[in-house]
Amino acid sequence: MDEDDIDEVMKRLKQQVTRAIEDKGLDFFECFEHFDENGDGMLEEHELQGGMEKLNIDLTRNETRALMDRFPSASRRGVIMYRDFVKALKIPRREEDTSAAERLLRDELQRLSETRGGRPNFGRLFDEIDRTGGGEIDRREFRRMLEKLDIRLSSRDVSKLMYKFDKDGD
């Protein structure tokens, strides 16, 4: 495979990611997660190759290495970081308004915290969401709660909502 072929593969990857963003409502991070099998925030050669295979783009190991070289990486050679993934694909970001989801979540949390005595019991609700009992609601617990409430959001929007609801920044 020569340089032009690698350019064509990069173009096909960009088209697939663009389609996932525009047609399926995914965000960049969710597209990145498609490849990042172990969730460490870095794409290794085998993860990129496996992700490309899922997109029906079969590459040899050498072709995968050549494709990896198309991703600018100031951090580590042999891995693709999330920011490098976004930078190399050059796809404009869409900003989503999360205010409707935020209102819906606030209303649902208020409703769920209501008690017979009339005073809300947010502590009970917090404990119910905090599955690990660690005194903090992590991203996985937050997303699970949103799914139970049938509130479907992209990873980026989940992060935005977590930031808005996390008053002490931890």
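Spatially, segment 106-144 and segment 1-54 are offset by 36 Å when compared through their Cα centroids. Once the chain from Asp150 to Phe126 is taken as fully extended at 0.36 nm per residue, the excess over their C-alpha distance is 6.8 nm. Heavy atoms of the protein chains alone define the surface here; on that basis the chain has 64 Å² accessible area per residue at 1.4 Å probe size.
What's log10 of I(q)/I(0) for the chain at q = 0.10, 0.16 Å⁻¹, Debye sum over Cα points only, no solvent? Log10 of I(q)/I(0), two decimals: -0.51, -0.97. Rounded to the nearest Hz, the phi-derived 3J(HN,Hα) couplings of segment 25-33 under the Karplus curve 6.51 cos²θ - 1.76 cosθ + 1.60 (θ = phi - 60°) are x, 7, 10, 4, 5, 5, 5, 4, 4, where x marks glycine and proline.
In plain terms, the chain from Lys14 to Arg83 could stretch by 23.4 nm, reckoned as 0.36 nm per residue minus the Cα-Cα distance. Each of Glu53, Glu102 has its accessible area taken with a 1.4 Å probe; listed largest first, they run Glu53, Glu102. Between Ser159 and Glu22, the contour length at 0.36 nm per residue exceeds the Cα-Cα span by 47.4 nm. For segment 28-88, trypsin sites (Lys or Arg not before Pro) meeting the loop criterion (DSSP other than H, G, I, E, B) and having at most 14 other Cβ atoms within 10 Å: Arg76, Arg77.
Panel note: the C-alpha atoms of segment 13-52, placed on their principal axes, show extents of 26, 16, 10 Å (largest first).
Based solely on its DSSP helices, what 222 nm [θ] is calculated for the chain when runs of n ≥ 4 H residues each add -39,500 (n - 2.57) and the sum is averaged over all residues, nearest 500 deg cm²/dmol?
-18000 deg cm²/dmol
Over segment 4-104, with every protein chain in place, what whole percent of the accessible area is carbon and sulfur at 1.4 Å, could you tell me? Solvent-exposed carbon and sulfur of segment 4-104 make up 46 percent of the total.
Assuming R0 = 41 Å, can you tell me the calculated FRET efficiency for the pair Leu104 and Asp7, based on Cβ-Cβ distance, to the nearest 0.05?
0.40
Set against the 2.2 N^0.38 Å expectation for a compact globular protein, segment 90-163 has a Cα radius of gyration ratio of 1.25.
The values are calculated or read from the model by the stated rules, or taken from the named source; none is laboratory data. Since this is a predicted model, take the numbers as computed values, not measurements. Here Cβ is always computed from backbone atoms with ideal geometry, including for glycine, and neighbour counts include all displayed protein chains. Accessible surface areas use protein heavy atoms only, side chains included; no ligands, DNA or RNA. Shrake-Rupley method; radii C 1.70, N 1.55, O 1.52, S 1.80 Å.
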